[in-house]
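**Q** Starting off with a structure, shown below.
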Amino acid sequence: MPSYEASASIAAEREAVWSVLVDVLNWPGWTPTVQKVEALDAPELKVGHRFRVHQPKLRPSVWTVTAVDAPARFTWESRVPGLVMTADHSVKATADGVSKLVLRFTLGGLLGPIVGPMNRKMVVSYMAQEAESLRKRLEAGRRAP
């Protein structure tokens, strides 16, 4: 089962990182890897809620929230025949005013071992862009004097 990870240290409190991360409807405003997010049930990030995510070079996918442990982690998954995609997003406080964001993407199901390696470059690139974009978004107002 292929799994990929990206991380970033962010000069912001964990709760600040969490509040931007779970506001999935506004992801298009800070990351170039997401063009549009639609709430299919309700806009809150709660277990069972579904969101349609539009990304460049990909077909729109419906993601269902499978776990939320605020303000530390949320997981959602998208399923198509033969493929289960799981995206885990976690935020840890590492030092005074610094948080570590970890994004993990796993491809399971019968086609996971085939689709994963074929799309590795794009997946890794998107995850790195998302982590860096979130870091920049949160650190934008915190310039040193």
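The values are calculated or read from the model by the stated rules, or taken from the named source; none is laboratory data. Because the structure is a prediction, the values reported are computed rather than measured. Don't worry about glycine lacking a Cβ; one is built from the backbone with ideal geometry, like all the others, and counts go over all protein chains shown.
**Q** From Leu58, Leu25, Leu40, grab the single residue that is aliphatic (A, V, I, L, M) and at pLDDT below 95. Steps first, answer last, please.
**A** Details: Leu25 fails: at pLDDT below 95; Leu40 fails: at pLDDT below 95.
Sole residue among the options that is aliphatic (A, V, I, L, M) and at pLDDT below 95: Leu58.
**Q** Still on this model: Quick one: which residue in Ser61, Ser99, Ser7, Ser90 is free of Cβ contacts under 8 Å to residues at least 24 places away in the same chain and among the small types (Gly, Ala, Ser)? Before the answer, list the steps.
**A** Details: Ser61 fails: free of Cβ contacts under 8 Å to residues at least 24 places away in the same chain; Ser99 fails: free of Cβ contacts under 8 Å to residues at least 24 places away in the same chain; Ser7 fails: free of Cβ contacts under 8 Å to residues at least 24 places away in the same chain.
Matching residue, one of Ser61, Ser99, Ser7, Ser90: Ser90.
**Q** Continuing with this model, one more query. Determine, yes or no, whether Arg73 is free of Cβ contacts under 8 Å to residues at least 40 places away in the same chain, within 25 Å of Glu13 (Cα to Cα) and either surrounded by fewer than 18 Cβ atoms within 10 Å (Cβ to Cβ) or within 15 Å of the chain's Cα centre (by Cα) (or both).
**A** Working: free of Cβ contacts under 8 Å to residues at least 40 places away in the same chain: yes; within 25 Å of Glu13 (Cα to Cα): yes; either surrounded by fewer than 18 Cβ atoms within 10 Å (Cβ to Cβ) or within 15 Å of the chain's Cα centre (by Cα) (or both): yes.
Against the criterion (free of Cβ contacts under 8 Å to residues at least 40 places away in the same chain, within 25 Å of Glu13 (Cα to Cα) and either surrounded by fewer than 18 Cβ atoms within 10 Å (Cβ to Cβ) or within 15 Å of the chain's Cα centre (by Cα) (or both)), Arg73 qualifies.
**Q** On to the next question. Can you tell me which of Thr66, Thr33, Thr75 is under 24 Å from Lys100 (Cβ atoms), in contact with a helix residue (DSSP H, G or I) (Cβ under 8 Å, 6 or more places away or on another chain) and β-branched (Val, Ile, Thr)? First the steps, then the outcome.
**A** Details: Thr66 fails: in contact with a helix residue (DSSP H, G or I) (Cβ under 8 Å, 6 or more places away or on another chain); Thr75 fails: in contact with a helix residue (DSSP H, G or I) (Cβ under 8 Å, 6 or more places away or on another chain).
Just a single option satisfies the conditions, and that option is Thr33.
**Q** Let me ask something additional. Please count how many residues of the range 26-58 are surrounded by 15 or more Cβ atoms within 10 Å (Cβ to Cβ) and either among the aliphatic types (A, V, I, L, M) or touching a Gly at 6+ places or on another chain (Cβ under 6 Å) (or both).
**A** 4
**Q** Checking Phe105 against (1) modelled with pLDDT under 95; (2) touching an Asp or Glu at 6+ places or on another chain (Cβ under 8 Å), only one condition comes out false. Which one?
**A** Evaluating Phe105 over (1) modelled with pLDDT under 95; (2) touching an Asp or Glu at 6+ places or on another chain (Cβ under 8 Å) leaves (1) as the failure.
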